[in-house]
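Have a look at the structure below before the remarks.
What follows is calculated from the coordinates using simple rules that are stated; it is not laboratory data. Bear in mind the structure is a predicted one, so any value in this text is a computation, not a measurement. With ideal geometry, Cβ positions are generated from the backbone for all residues, glycine too; neighbour counts draw on all protein chains shown.
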Amino acid sequence: MASGAINAESQRAQDALEPFRALMAQADARIELARACLMIARDAYPELDVAHYLGALERFGLQLRAQSSDRRVEDKVIALNEFLFGELGFTGNVEAYYDPRNSYLNEVIDRRIGIPISLSILYIEVGRRIGLPLEGVSFPGHFLVRLRLRGGVLVLDPFSGGTPQSEDDLRERLARVVPKAATGGVAIEALPLEQFLEPASHRQILARMLRNLKTIYRDADETAQLLAVLNRILVVTPEASTELRERGLIYQRMECWQPALADLASYVEREPDAPDCEEMRMHVMALRAQCARMN
């Protein structure tokens, strides 16, 4: 494909992101998490019917409300666990953890299987429909869910069937993923857990899910899907310089010169002290020369 056609295709891809941009332009609390996830899934499933899957979540909520409308908060959590992980059979995918389908909400709903973050999104969305104000937690190495109670905070693991997490459980998780050198000499058992249990914003949840997909598609060298994911990340977190550089290098690999120049020049401007800044300046010089030859 000629570079002009590639550049036009790149522009079409950016134009297709407009509904997602409009959703992300809202205040964080107004972002519909499930809708945003399904929009992301359209990159892999262009014909995906967003309304159908939002309807499935509504039906889950209606079924569960009929069973738990008058219960206490703690009883609603038990009912949510029994409904999702018992009656409907949702489970964590331990055998094919890095299957990209685990990160697409439509596939999670259809296949009844996912990873911590996608099952947590499902858990939050169905829980919200029965009056549970659940929040995501970007815990190191394993996404979790929290619920504020009068006596404190209940932390739950949807990947393990909504199991409540004790302080010992959480510290054991930290010990597995946090290097001792990163704690400033403080023992894991002495670290204040509160700093790891802050609620994640909707944008932070979406960014973490997208970065999971980025890693999967980069490792598999699936350039088209990787580019689509990077486009979404840069809508959710426009300040993400690392992803801007990565997208620019992908565009350059694809001989999509003008978008590559725009991304890498912006990266150099944003990160003048980055260790790779001089290397990226060389790329920018080469791209400017290439674009000049095209004119």
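Expressed as a rounded percentage, what relative contact order does segment 83-232 have, with Cα pairs under 8 Å and six or more residues apart? The normalised contact order for segment 83-232 reaches 19 percent.
Using the Cβ atoms and a cut-off under 13 Å, what net charge is assigned to the surroundings of Leu147, where Lys and Arg are +1 and Asp and Glu are -1?
Residues close to Leu147 contribute a combined charge of +2.
Packing, taken as the mean count of other beta carbons within 10 Å per residue, orders the peptides 19-26, 230-237 from highest to lowest as 230-237, 19-26. Applying 1/(1 + (r/R0)^6) with R0 = 41 Å to the Cβ-Cβ distance of Gln204 and Asn295 gives a FRET efficiency near 0.50.
Normalised by the number of residues in segment 59-158, the mean separation of alpha-carbon contacts (under 8 Å, six or more apart) gives a relative contact order of 22 percent. Projected label points at Ile188 and Ile78, each 7 Å from Cα along the beta carbon direction, are separated by 3.2 nanometres. When every Cα-Cα distance of segment 110-149 is counted in 10 angstrom steps from zero, the calculated P(r) takes the values 30, 52, 17, 1 percent.
Working ranking of peptides 71-77, 104-110 by packing, defined as the average number of other Cβ atoms within 10 Å per residue, highest first, is 104-110, 71-77.
What fraction, in whole percent, of alpha-carbon pairs in the chain exceed 36 Å separation? Don't skip to the answer; put the middle values down first.
On the way: 10883 of 43365 pairs.
More than 36 Å apart: 25 percent of the Cα pairs in the chain.
Within the set of other residues whose C-beta is less than 12 Å from the C-beta of Leu206, count the net charge using Lys and Arg as +1 and Asp and Glu as -1. Residues close to Leu206 contribute a combined charge of +3.
When Rg and the Kirkwood Rh are both derived from Cα coordinates, the Rg/Rh ratio for segment 31-200 amounts to 0.99.
Gain on full extension, evaluated as 0.36 nm per residue between Ala56 and Glu18 minus their Cα-Cα distance, stands at 11.2 nm.
Quick check on packing: order 148-157, 244-253 by the mean number of other C-beta atoms within 10 Å, highest mean leading. Spell out each step's value before the answer.
On the way: 148-157: 14.1, 244-253: 20.3.
Highest-to-lowest ranking by the protection proxy: 244-253, 148-157.
Note on segment 188-253: along the principal axes its Cα atoms extend 47, 23, 16 Å, ordered by decreasing extent.
Taking the DSSP beta bridges with both ends in segment 31-200, the antiparallel portion is around 85 percent.
For a paramagnetic label modelled on Glu269 (point 7 Å from Cα along Cα→Cβ), amide N atoms under 18 Å away belong, within segment 226-248, to 234-235, 238-248. Dipole check for the chain: with +1 at the C-beta of Lys and Arg, -1 at the C-beta of Asp and Glu, and the Cα centre as origin, the magnitude is about 460 Debye.
Its relative contact order, with pairs defined as Cα atoms under 8 Å and 6+ residues apart, puts the chain at 17 percent. Taking a Cβ cut-off of under 9 Å around Gly131, the surrounding Lys, Arg, Asp and Glu residues balance to a net charge of +4, with basic ones at +1 and acidic ones at -1.
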